[in-house]
Structures are given as structure tokens and as C-alpha cells.
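Colleague: There's a structure below that I have some questions on.
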Amino acid sequence: MPTDAHYFYQAPLGRLHLIFVQDRCCAVEYEPENPQDFSAVLPDGEIRHWLDRYFAGDRPPAPSMLEIPGTVFQRSVYRLLLQIPYGQTLSYGEAASQLGSAARAVGQACKRNPIPVLIPCHRIVGQRDIGGYEGSTDGPRLDRKKWLLNHESRLELTF
């Protein structure tokens, strides 16, 4: 895989655009600014197999081929997200408690997650509602979070 490669993957919830540096995935975008950069289909490999299994309803272990950027705190949040089991959720407050932080700080780190789906920030929810996703509390971004949670739980959420 070449350095700084751009690929797409057709997922059931829409087209995912993936960016790799060397052989490690460093970003997943739902709506890239320059979609023409993503004309190549994601080749066979760990990330492709992980996505295939995930969208088939399997429970694949966290992928190892991730290049996780961010601050020390953001990376600690992302590591916690990778430990939340498939089909389960954790509230912003519960995550904050585990990290010795504040719920708002966890939410901000989730908002900045560069690798959604693979780093499952959708598994962090509010105490009384679904919370936000990618910085939004309604519209298509929140619809993606609902889709991912419904996919994992096989239930229609009532949030």
C-alpha cells in the first residue's frame, strides 16, 4: 500500500472514505471535501476484512492497523472506546469517570475522532438520550450514529 493513500469502501450506511499513511489507517470520512481523491476501492487487507465482518454483523476485535493521532487525552479516550464491547454503550459521564476527566471533555474528544466506525465513538451516549455524533445533535450525522447503534444491537433505539 503506498504512502498517503486514499480509498473508498461502500458500507450499508454510505460510502466511507479512508486515508492511510504507509499501511495504517489514520482517517475515515463520511463526506470528504475532495471526493475525487477517493476513486480506488479499499484493497484486501486487515481494515477491509474488519469492515466486511463488522457490516456483516460479526464482532471483530479492534483493528491493529490504526494510526491514532490526537492529544494524549484524546488518545486515552480512543483507547477506552476501543475497549467498549460491540453492541454495548457507555455514557459520557461513565467514560469521564474511568478517565478521571469531565463528560464534556470526553464528548469533545469523540467529536474529534478521526477514525469513526473503526474507533467506535458511536458507543458513547448521553444519560437520557443518544448524545451527539461528529459534533451534531440532529440530522444526517446523528442518523449515522443511530444506524451504527441499531446495527450493533439489532434493536430499534427509541432515543
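Colleague: Within the stretch 67-100, restricting attention to residues that are part of a helix (DSSP H, G or I), more than 15 Å from the chain's Cα centre (by Cα) and of a type outside the set (S, T, N, Q), which residue is surrounded by the most Cβ atoms within 10 Å (Cβ to Cβ)?
Modeller: Across the stretch 67-100, the extreme among qualifying residues is Ala95.
Colleague: For a quick check of your reading of the model, give me the residue pairs whose first member lies in the stretch 86-101 and is within 16 Å of Glu152 (Cα to Cα), whose second is modelled with pLDDT under 95 and of a type in the set (Gly, Ala, Ser), with beta-carbon atoms closer than 8 Å and at least 6 apart or on different chains.
Modeller: Close Cβ pairs (under 8 Å, with a partner that is modelled with pLDDT under 95 and of a type in the set (Gly, Ala, Ser)) amount to Gly87/Ser153.
Colleague: Exactly one condition in (1) among the hydrophobic types (A, V, I, L, M, F, W, C); (2) surrounded by fewer than 16 Cβ atoms within 10 Å (Cβ to Cβ); (3) within 18 Å of Arg112 (Cβ to Cβ) is not met by Ala62; state its number.
Modeller: With (1) among the hydrophobic types (A, V, I, L, M, F, W, C); (2) surrounded by fewer than 16 Cβ atoms within 10 Å (Cβ to Cβ); (3) within 18 Å of Arg112 (Cβ to Cβ) applied to Ala62, the lone miss is (3).
Colleague: Looking only at the stretch 76-103, which residues are at pLDDT 95 or above and either in the same structural domain as Arg48 (by TED's automatic domain parsing) or among the small types (Gly, Ala, Ser) (or both)?
Modeller: Matches in the stretch 76-103: Ser76, Ser91, Gly93, Ala95, Ala96, Ser97, Gly100, Ser101, Ala102, Ala103.
Colleague: Quick check on the stretch 60-83: of everything there that is out of contact with any Phe, Trp or Tyr (no Cβ under 9 Å at 6 or more places or on another chain) and touching a residue at least 40 places away in the same chain (Cβ under 8 Å), which residue is farthest from Gly131 (Cα to Cα)? Show your work before the answer.
Modeller: First, pick out the residues of the stretch 60-83 that are out of contact with any Phe, Trp or Tyr (no Cβ under 9 Å at 6 or more places or on another chain): 64, 69, 71-83.
Checking the rest, the ones that are also touching a residue at least 40 places away in the same chain (Cβ under 8 Å) come to 69, 78, 81.
Working: Pro69: 23, Tyr78: 17, Leu81: 15 Å.
So, considering only residues that are out of contact with any Phe, Trp or Tyr (no Cβ under 9 Å at 6 or more places or on another chain) and touching a residue at least 40 places away in the same chain (Cβ under 8 Å), the one farthest from Gly131 (Cα to Cα) is Pro69.
For (1) surrounded by 14 or more Cβ atoms within 10 Å (Cβ to Cβ); (2) in a loop (DSSP other than H, G, I, E, B); (3) under 13 Å from the mean Cα position of the chain (by Cα); (4) assigned by TED's automatic domain parsing to the domain that holds Leu16, each residue gets a yes or a no:
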| residue | (1), (2), (3), (4) |
| --- | --- |
| Ala105 | yes, no, no, no |
| Ala109 | yes, no, yes, no |
| Pro114 | yes, yes, yes, no |
| Leu118 | yes, yes, yes, no |
| Ile130 | yes, yes, no, no |
| Arg141 | yes, no, yes, no |
| Lys146 | yes, no, yes, no |
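Colleague: When the stretch 12-26 is examined, which residues are found to be within 14 Å of Leu51 (Cα to Cα) and surrounded by fewer than 19 Cβ atoms within 10 Å (Cβ to Cβ)?
Modeller: Pro12, Leu13, Gly14, Arg15
Colleague: A follow-up question, please. Could you list, in sequence order, the residues of the stretch 9-57 that are in contact with a His (Cβ under 9 Å, 6 or more places away or on another chain), without any contact (Cβ under 8 Å) to a residue 40 or more places away in the chain and closer than 19 Å to Arg141 by Cα?
Modeller: Residues satisfying the conditions are His17, Leu18, Glu29, Glu31, Pro32, Asn34, Pro35.
Colleague: Another question about this same structure. Here are Tyr9, Tyr54: which of them is surrounded by 12 or more Cβ atoms within 10 Å (Cβ to Cβ) and outside any strand (DSSP E or B)?
Modeller: One residue alone meets the criteria, Tyr54.
The values are calculated or read from the model by the stated rules, or taken from the named source; none is laboratory data. Bear in mind that the values here come from a model prediction, so they are computed numbers and not experimental data. Virtual Cβ from ideal backbone geometry, glycine too; neighbours counted across all protein chains shown.
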